[in-house]
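First up is the structure itself, then whatever we jot down about it.
The values are calculated or read from the model by the stated rules, or taken from the named source; none is laboratory data. No experiment lies behind these values; they were computed from the predicted model shown. Cβ: placed from backbone, ideal geometry, glycine included. Neighbour counts: every protein chain shown.
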Amino acid sequence: MVELTDRIRVVNQALSSGDKRRIDSAIGELTLALRRDLPTDPLLCATCLALVDDPDLVADLTVLAADARHRTGRANALVVDVSGRGSVVEVVLELSPGGSGVWSVQDFGRDADVAAQLAIAVALGPQLQRWGVRWHVKSIDGSPGFQLRGTSIGVAVAVATQAALTGRVCPQQWAFTGGVDLDGTLSSVSSVPAKVRAAADQGLKRVGLPAVDSTGLAQPEGCVLVGAPTLSALFEDIWPQTSRSDRKRIRWALALSVLPALVAFTSVFDGAELLIQRASLSAILGPLPIDNSIVLALPVQGDRRALRGKYPGVIDRLIDVGATAIVFDVLFLSETEDDQSFAAAINRAQTAGVPVVIPSRWQADWFEDPVSTLNVRHESVVWLEQERLFGQVRRFPVLLTDRDGGVRWNLPVAALAAHVGAEPVLTEEGLAIGVTRNPTVSQRIAIPPAERIPRLGWDDDDWSEAMGRVVFIGAIATASDAFRTLSGDRYGVEVHAAALETLARQESIRLTQPGEDAVIAALVTTITAWFALMLPTRRRRLCLAIPALTLGIAMALITANVVVAVCPIVLGGVVGCWVGHKWSN
């Protein structure tokens, strides 16, 4: 390795002399050395690759040099114009592996150019021969133009070089002024008060400058002056070794950064999500129209078994008005003396082509069937799935399976099957009933906000509204049968009717799963934190564009019936902004 480095140095000296014979001799010796021993350092390979033209060596070195990459570093510099007014400029420096020399496309004064070359040489040290350096300066404070003069640019150039070389980022709230001597000492420069004022006006928090210039200098409010005797001491101030307090701060930042994903996974904000989803779905999609179902409300009384003798008349009347199906959201688990006449009315309805659906009750892992006297097919079960924390109902399972492997369709599925006269089929794509197709997630279907279900009064004289509709018979007057839904507070029988309408109109929505919401929240947190870390202090609020953009995408997805949890996105944006701000400080 040392021999190859020496050979490269000889080649560079030959190139500087312009003597063709000397150049050919130096490159020839380098080629012979490479044939004996190829380097393993990608940067050294890239340097050799730029000097030889032997095809075999070029092929071998190209593979080895593939890991060498251009590196870029940035640092804020404080300069003054010809009138003595301070300005903040940004030094952008690029290291090119295998290149040579230091140059800039801008025309600077000779003293500034020499100061920059000296600072680069000191910062790179022994690695100077491995890199070609290109640098330029641009204004960041709105100055129409500037002319560099003096040695003030030296420290900022050295910091940008160190950042590029080590792959670190110079904190945006820092700015620098001062010269660099050959031994790494920071040398004094002029007009320091004007430069410090310019830094404070731009909202910068720290100014790195020679220690000799910081003595007795007035410190502006909100801006800390960091005087350093040498370049290495300044580097330690900019990129300090991780202390115990730093590790503690990092641990807290990391712990907090996982909070949005954890909140999403545990559905802590489900109560708030219900309100947000109800408003957004209603505003963007509008409430679901109700055309296929109607509710016949049971009269309010203590013992519903007393109604058993009135159901035959209700069934006959609904047959006469043209109902397509009669669905009881009522459990018939005990026998009465009226069951025979009730069973006869059910048979009359079936003969007339009006199916009657009477559900079983779900008991954790088994079905409790209606009394055998009614002689009905046990194909449905009544069950509304309430979510864990706040008890809201946003989705329902299309079927349930008992401990013995028996399967029954949930009441809305059986109701639609009776309405269209087709058997339900569950496939990999979702639920198919007749011509309707509804995608499912974990064999569940989410119910969008729906209009208020129309009702028939038990004692009304006119039931003509039931023509061509499924009639759900159930209670709407007991608090124990009321549920929180995306449509507001609804009774169980109304939820079943809205679920049937969702299936009939093929308007089921897809609520993202907690795991998916957690991934989205984690991405928003990470990207927002990264932007907050990279942006300058005065523009750090722009990082909130990440959660804002994500929220915009979430709202756009509603038009495709996909609903994403909003609260974890908002929390992820806030936490990401805070974490990025803390890390940058």
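Data overview
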| read-out | value |
| --- | --- |
| Condition met for Arg305 (more than 30 Å from the chain's Cα centre (by Cα), in a helix (DSSP H, G or I), of a type outside the set (A, V, I, L, M, F, W, C) and modelled with pLDDT under 85) | yes |
| Answer residue from the stretch 332-359, given it is of a type in the set (Ser, Thr, Tyr) and at pLDDT 90 or above and is surrounded by the fewest Cβ atoms within 10 Å (Cβ to Cβ) among those | Thr351 |
| Given (1) more than 40 Å from the chain's Cα centre (by Cα); (2) surrounded by 14 or more Cβ atoms within 10 Å (Cβ to Cβ), number of the condition Lys205 does not satisfy | (1) |
| The listed residue being buried (at least 20 other Cβ atoms within 10 Å of the Cβ), closer than 30 Å to Leu44 by Cα and under 41 Å from the mean Cα position of the chain (by Cα), out of Ala199, Ala163 | Ala163 |
| Residue identified as touching an Asp or Glu at 6+ places or on another chain (Cβ under 8 Å), surrounded by fewer than 23 Cβ atoms within 10 Å (Cβ to Cβ), modelled with pLDDT under 90 and in the same structural domain as Gly86 (by TED's automatic domain parsing) among Gly150, Gly99, Gly132, Gly142 | Gly150 |
| Residues of the stretch 477-494 satisfying the condition of being in a loop (DSSP other than H, G, I, E, B), closer than 23 Å to Asp270 by Cα and small (Gly, Ala, Ser) | Ser487 |
| Among the candidates Leu262, Leu318, residue that is assigned to a helix (DSSP H, G or I) and farther than 25 Å from Ala422 by Cα | Leu262 |
| Residues satisfying the stated conditions in the stretch 195-225, i.e. of a type in the set (A, V, I, L, M) and closer than 17 Å to Ala160 by Cβ | Ala199, Leu204, Val207, Leu209 |
| Test: residue in the stretch 172-192 that is closer than 29 Å to Phe531 by Cα and modelled with pLDDT under 90 | yes |
| Strands (runs of 3 or more DSSP E) contained entirely in the stretch 432-476, each with at least 2 residues that are touching a helix residue (DSSP H, G or I) at 6+ places or on another chain (Cβ under 9 Å) and at pLDDT 90 or above | 436-439, 470-474 |
| Residue match in the stretch 370-377 (condition: β-branched (Val, Ile, Thr), closer than 22 Å to Met467 by Cα and buried (at least 17 other Cβ atoms within 10 Å of the Cβ)) | no |
| Tabulated pairs, the stretch 214-239, first hydroxyl-bearing (Ser, Thr, Tyr), second exposed (fewer than 14 other Cβ atoms within 10 Å of the Cβ), C-beta under 9 angstrom, 6+ apart or interchain | Thr230/Asp183 |
| Residue within the stretch 185-194 that is more than 18 Å from Val88 (Cα to Cα) and either outside the structural domain of Gly101 (by TED's automatic domain parsing) or in contact with an Asp or Glu (Cβ under 7 Å, 6 or more places away or on another chain) (or both) present | yes |
| Positions within the stretch 460-474 being closer than 21 Å to Pro412 by Cβ, surrounded by 19 or more Cβ atoms within 10 Å (Cβ to Cβ) and of a type outside the set (Lys, Arg), in sequence order | Ala466, Val470, Val471, Phe472, Ile473, Gly474 |
| Test: Val376 is at pLDDT below 85 and under 22 Å from Val314 (Cβ atoms) | yes |
| The stretch 375-397, residues that are part of a loop (DSSP other than H, G, I, E, B), touching a residue at least 60 places away in the same chain (Cβ under 8 Å) and within 30 Å of Asp339 (Cβ to Cβ) | Leu384 |
| Cβ pairs under 9 Å, 6+ apart, first in the stretch 46-75 and closer than 25 Å to Ala158 by Cβ, second of a type in the set (Val, Ile, Thr) and part of a strand (DSSP E or B) | Thr72/Val92; Gly73/Val91; Gly73/Val92; Arg74/Val91; Arg74/Val92; Ala75/Val91; Ala75/Val92 |
| Odd one out for Ala66, checked against (1) modelled with pLDDT of 85 or more; (2) within 43 Å of the chain's Cα centre (by Cα); (3) not in a strand (DSSP E or B) | (1) |
| Number of positions in the stretch 332-369 that are assigned to a loop (DSSP other than H, G, I, E, B) and either of a type in the set (Gly, Ala, Ser) or more than 57 Å from the chain's Cα centre (by Cα) (or both) | 7 |
| The stretch 69-88, residues that are outside any strand (DSSP E or B) and of a type in the set (A, V, I, L, M, F, W, C) | Val82 |
| Qualifying residues in the stretch 9-36 (those that are at pLDDT below 80 and closer than 26 Å to Arg69 by Cβ) - the one farthest from the chain's Cα centre (by Cα) | Leu15 |
| Filter pass, Ala518 being in the same structural domain as Met555 (by TED's automatic domain parsing) and modelled with pLDDT of 90 or more | yes |
| Residue pairs meeting the criteria (Cβ under 6 Å; at least 6 apart or on separate chains; first in the same structural domain as Ile315 (by TED's automatic domain parsing), in the stretch 335-347; second in a helix (DSSP H, G or I) and among the hydrophobic types (A, V, I, L, M, F, W, C)) | Ala343/Leu374; Ala345/Ile315 |
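Residue-wise test of (1) touching a residue at least 24 places away in the same chain (Cβ under 8 Å); (2) touching a Gly at 6+ places or on another chain (Cβ under 8 Å); (3) part of a helix (DSSP H, G or I); (4) within 23 Å of Glu429 (Cα to Cα).
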| site | (1), (2), (3), (4) |
| --- | --- |
| His496 | yes, yes, yes, yes |
| Leu500 | yes, no, yes, yes |
| Thr525 | yes, yes, yes, no |
| Ala532 | yes, yes, yes, no |
| Arg539 | no, no, yes, no |
| Leu542 | no, no, yes, no |
| Pro547 | yes, yes, yes, no |
| Ala554 | no, no, yes, no |
| Pro568 | yes, no, yes, no |
